[in-house]
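Reading through the structure tokens given below for one structure.
The values are calculated or read from the model by the stated rules, or taken from the named source; none is laboratory data. The structure presented is a predicted model; accordingly, all values stated were derived computationally and were not measured. Cβ: placed from backbone, ideal geometry, glycine included. Neighbour counts: every protein chain shown. The area values use the complete protein model at the heavy-atom level, side chains included, leaving out ligands, DNA and RNA. Shrake-Rupley method; radii C 1.70, N 1.55, O 1.52, S 1.80 Å.
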Amino acid sequence: MTDAENLLWYHLRARRLDGLKFRRQHPIPPYITDFHCHEAMLVVELDGSQHCAEADAMRSQFLERQGFRILRFWDNDVLQSPDHVLDVILWHATSRRDARDAVHVLDTPTQESP
């Protein structure tokens, strides 16, 4: 793992970010994501100089078709502004989690009194 991945993983692992469960190097075939939060349907990708924009676009389109929101950050952003990166991740993750929870509440049948 890169220094940026190690730093971000330190903050995401063990439910340290608002109790959200993240996995690192999680497979979503045919890809392996850098970080994945299933309950928020969120994928976080860190990009360094080795990333190819065209390949990243294809990967993102595939994951979006599966229902995931993709957040991409440059390694330097994580290393220089980790609090900002974490704030962005938290905002997207909680808004998606809360939206999914609201849908589940609406889908739950209610008991009516006789």
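The listed residues Ile89, Ile32, Ile70, once ranked by accessible area (1.4 Å probe) with the largest placed first, stand as Ile32, Ile70, Ile89. For region 1-87, the equivalent ellipsoid built from the Cα gyration tensor has semi-axes of 19, 17, 11 Å, listed from largest to smallest.
Here the chain is assigned +1 on the Cβ of each Lys and Arg and -1 on the Cβ of each Asp and Glu. Its dipole about the Cα centre then comes out at about 360 debye. A straight chain from His84 to Arg23 at 0.36 nm per residue would run longer than the Cα-Cα distance by 19.9 nm. Less than 5 angstrom separates the built amide H of Arg69 from those of Leu42, Val43, all sequence-distant by 5 or more or on a different chain. Pick from Ala14, Ala93, Ala55: which residue has the top mean-square fluctuation in a GNM of the chain where Cα pairs under 10 Å get a spring? Result: Ala55 has the largest fluctuation of those listed.
Among rounded, prolate and oblate, which fits region 38-101 when a ≥ b ≥ c are the square roots of the eigenvalues of its C-alpha gyration tensor, a/c under 1.5 means rounded, and a/b larger than b/c means prolate?
Oblate, since a/c reaches 1.5 and b/c is not below a/b.
Would region 1-52 count as rounded, prolate or oblate if I go by the C-alpha gyration tensor, calling it rounded below 1.5 in a/c and otherwise prolate when a/b exceeds b/c, oblate otherwise? The shape class here is oblate.
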